[in-house]
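Below: one structure, written as structure tokens.
Each reported figure results from applying straightforward, stated rules to the coordinates on display, with no laboratory input. Everything quoted here is computed from the prediction, not taken from an experiment. For neighbour counting, all protein chains shown are included, and Cβ atoms are generated from backbone atoms with ideal geometry for every residue, glycine included.
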Amino acid sequence: MKFAICLLLTFQVFTLNAVYSQTEIRIDPSAAYGGAGSQIFENIHYIPLETNNESIFGAIDRLAVTKKYFVILDLSTNSILIFKRDGGFYTRISGGDVSSYKGRQANAINDFAIDRDSNKIVYNKGIGNIISYNIDQRKPTYYRIRVPGKR
């Protein structure tokens, strides 16, 4: 009887592992040697981004994809750029000149979050400024938070 229960439990464990197993790929970039994308992915779609004076950026420091847009954070130009999913340029959110205030960068856009339900980008601009940007209406809403030591 004990043997039958042990065999049944072992069978259930192996069955659960087979049902819930997932393929997970982890790549250590320092040990990667390259290769063709077709060796890793079934299909790849390249979407060229529109290039004009307003859409030029230095680097993609962060990329987020929504249903309608590609959102790119570029720290080198202190900007968030928004492209339509077909690659067409939509708009740029510029942080302006980055100055220093008590050792911290004022006006710097360091990161963003996307509220996918309301289609808004929320980001901080410098010290004490939170901005909610409605992507579809191209309309920012500004919020000030009090930062100790700043007037």
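Results, tabulated for the structure shown:
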item	result
Count of Lys pairs (Cα-Cα under 24 Å; at least 8 positions apart or interchain) in region 45-144	12
Burial order of peptide ranges 52-64, 86-98, 120-132 (average beta-carbon count within 10 Å, highest first)	120-132, 86-98, 52-64
Sum of side-chain charges, Leu81 neighbourhood, beta-carbon under 12 Å (Lys, Arg +1; Asp, Glu -1)	-1
